[in-house]
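Each remark here refers to the structure printed beneath this line.
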Amino acid sequence: MTPSPAETIRHWVELLCRDLALVRDRAAAGGQSSASALAALVEAAAAGRADAAWVTELVELLRGLGIPAAQAHRGWPFSDRAVGGLPGLDDGSPAMDRYVCPQQICSRREVRRPGGSVPRCAIVGASLAVHEDDR
């Protein structure tokens with residue numbers, strides 16, 4: 001099933017949130033123009049203003065920074081932090097709490113491992129919220 005335009009936008013915001021540190025490093029190395037463009041995209045996402053034009057700008061920025069946006073579009077993270085390089089494949093630890101985007105601007109869902117810290121949203125700088133079904 002093809003995702004709706006809104007789901008696609010939320011997915012791109014999620015990908016940026018997950019790997020914002022990597023993208024920021026690349027943007028800083030790319031110069032002031034890249035860093036400013038990224039800051040504007042993050043600000044727009046945090047304010048809930050991400051739309052189709054925002055996605056286009058993000059993809060253009062990623063391409064300019066040498067980040068494979070085509071992989072991200074297929075659901076792969078920009079960085080290779082998943083076990084075996086496969087997104088969604090984890091280490092098999094039992095899950096405690098499930099967390100979601102605190103402002104509901106993206107589709108991010110995270111599992112907090114026993115003893116682990118609460119996941120954080122890199123876009124708004126806040127802890128992810130406990131998923132409603134887990135309360």
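The values are calculated or read from the model by the stated rules, or taken from the named source; none is laboratory data. All of these numbers come straight from a predicted model, not from anything done at the bench. Note: ideal-geometry Cβ built from the backbone for every residue, glycine included; neighbour counts use all protein chains shown.
Pull out all pairs, ordered by first then second residue, where Cβ-Cβ is under 9 Å, the residues are six or more apart or on different chains, the first lies in segment 93-111 and is farther than 19 Å from E43 by Cα, and the second is among the aromatic types (F, W, Y) and at pLDDT 90 or above.
From residues that are farther than 19 Å from E43 by Cα, the pairs are R109/Y99; E110/Y99; V111/Y99.
Please pick out the residue among A6, A46 that is at pLDDT 95 or above, of a type in the set (A, V, I, L, M) and under 25 Å from E132 (Cβ atoms).
Criteria check complete, one pass: A46.
Quick check on P102: is it modelled with pLDDT of 80 or more and not charged (D, E, K, R)?
Yes: the conditions hold for P102.
Taking the residues in segment 1-26 that are among the polar types (S, T, N, Q) and exposed (fewer than 12 other Cβ atoms within 10 Å of the Cβ) as candidates, determine which candidate is farthest from R49 (Cα to Cα). It would help to see each step written out before you state the result.
We begin by selecting, within segment 1-26, every residue among the polar types (S, T, N, Q); these are 2, 4, 8.
From what is left, the residues that are exposed (fewer than 12 other Cβ atoms within 10 Å of the Cβ) are 2, 4.
Details: T2: 22, S4: 17 Å.
The selected residue is T2.
From the residues in segment 103-123 that are among the β-branched types (V, I, T) and more than 11 Å from L20 (Cβ to Cβ), which one is surrounded by the fewest Cβ atoms within 10 Å (Cβ to Cβ)?
Filtering segment 103-123 for residues that are among the β-branched types (V, I, T) and more than 11 Å from L20 (Cβ to Cβ), the one surrounded by the fewest Cβ atoms within 10 Å (Cβ to Cβ) comes out as V118.
Any chance you could count how many residues in segment 1-34 are without any contact (Cβ under 8 Å) to a residue 40 or more places away in the chain and either in contact with a Ser or Thr (Cβ under 7 Å, 6 or more places away or on another chain) or not in a helix (DSSP H, G or I) (or both)?
Of the residues in that region, 6 qualify.
So, in segment 105-132, exactly how many residues are assigned to a loop (DSSP other than H, G, I, E, B), of a type outside the set (A, V, I, L, M, F, W, C) and more than 15 Å from the chain's Cα centre (by Cα)?
Count: 6.
Do you know which residues across segment 27-43 are at pLDDT 95 or above and surrounded by 12 or more Cβ atoms within 10 Å (Cβ to Cβ)?
If the condition is that a residue be at pLDDT 95 or above and surrounded by 12 or more Cβ atoms within 10 Å (Cβ to Cβ), then A27, A28, S34, A35, A37, L38, A39, A40, L41, V42 are the ones that fit.
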